[in-house]
Amino acid sequence: MTGQTLLQIPAPWHATVAPGDIVAFRFPHETDEADGSELPKVRPTLVIDVVERFGERYAVLAYGTTNPRRFGRREAYAIDVLDEAERDGASLHRQTRFHASRRLMVSLKNSGFDIRRDACTARLGRLSGDSLKRLQQVRARIHAEQDMRRDRNRQRRAARPVVIETRRKGRIRSEKEVRHV
């Protein structure tokens, strides 16, 4: 093999996507039309997390918008990309807010990703600086809330004592048994 050059084929974009990446995705509208007259438009979405389930990779995506309106309690889930240098690295033309309170999990093979033909990728850019730090804070909050929810559910399913009384001919026997179910 002397003198031959090996051509390295890059991994497909969905194999290397990571939290903090900005991808082009057809994010569903909050109020979808039943007749399909208003199809979701392609918009920049933020990859909050990448998880593997049943041997397939999924991305947790956050809705992105250039509308700067405040949204009350859910402000704790906002990730703003305001700095011009950060916007350039993320391929965002205007100041953008990602709403991690409005997120969904989709397969990385989902047809909603807008794959650019020239680069064979849906990845537009990546967060950096303060916006990346903010993403890490929001991710920590989301993971903590999931852990708390899991603990609450586990406590609800925990074994509870149940008293078993036995009866004979309509009479309660004096023996009571406690079982944990």
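For Arg103, indicate whether it is free of Cβ contacts under 8 Å to residues at least 60 places away in the same chain and under 15 Å from Val138 (Cβ atoms). So Arg103 passes the test.
Taking the condition within 27 Å of Ala100 (Cβ to Cβ), modelled with pLDDT under 90, surrounded by 10 or more Cβ atoms within 10 Å (Cβ to Cβ) and of a type in the set (Lys, Arg), does Arg154 pass? Criteria not met by Arg154. The single residue among Pro40, Pro68 that is under 23 Å from Ala119 (Cβ atoms), assigned to a loop (DSSP other than H, G, I, E, B) and either under 20 Å from the mean Cα position of the chain (by Cα) or modelled with pLDDT under 90 (or both) turns out to be Pro40. Only a single criterion out of (1) out of contact with any Leu (no Cβ under 6 Å at 6 or more places or on another chain); (2) buried (at least 20 other Cβ atoms within 10 Å of the Cβ); (3) assigned to a strand (DSSP E or B) is not satisfied by Phe98, namely (1).
Residue by residue, here is whether (1) surrounded by 10 or more Cβ atoms within 10 Å (Cβ to Cβ); (2) at pLDDT 90 or above; (3) closer than 16 Å to Val60 by Cβ; (4) of a type outside the set (Val, Ile, Thr) holds:
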| position | (1), (2), (3), (4) |
| --- | --- |
| Cys120 | yes, no, no, yes |
| Arg123 | yes, yes, yes, yes |
| Asp130 | yes, yes, no, yes |
| Ile142 | yes, yes, yes, no |
| Ala159 | no, no, no, yes |
| Val162 | yes, no, no, no |
| Val178 | no, no, no, no |
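Going residue by residue through the range 80-91, is there one that turns out to be of a type in the set (Ser, Thr, Tyr), surrounded by 10 or more Cβ atoms within 10 Å (Cβ to Cβ) and modelled with pLDDT of 90 or more? Yes, because at least one residue in the range 80-91 is of a type in the set (Ser, Thr, Tyr), surrounded by 10 or more Cβ atoms within 10 Å (Cβ to Cβ) and modelled with pLDDT of 90 or more.
The values are calculated or read from the model by the stated rules, or taken from the named source; none is laboratory data. None of these values were measured; they are calculated from a predicted model. Note that each Cβ is placed from the backbone with ideal geometry, even for glycine, and that neighbours are counted across all protein chains shown.
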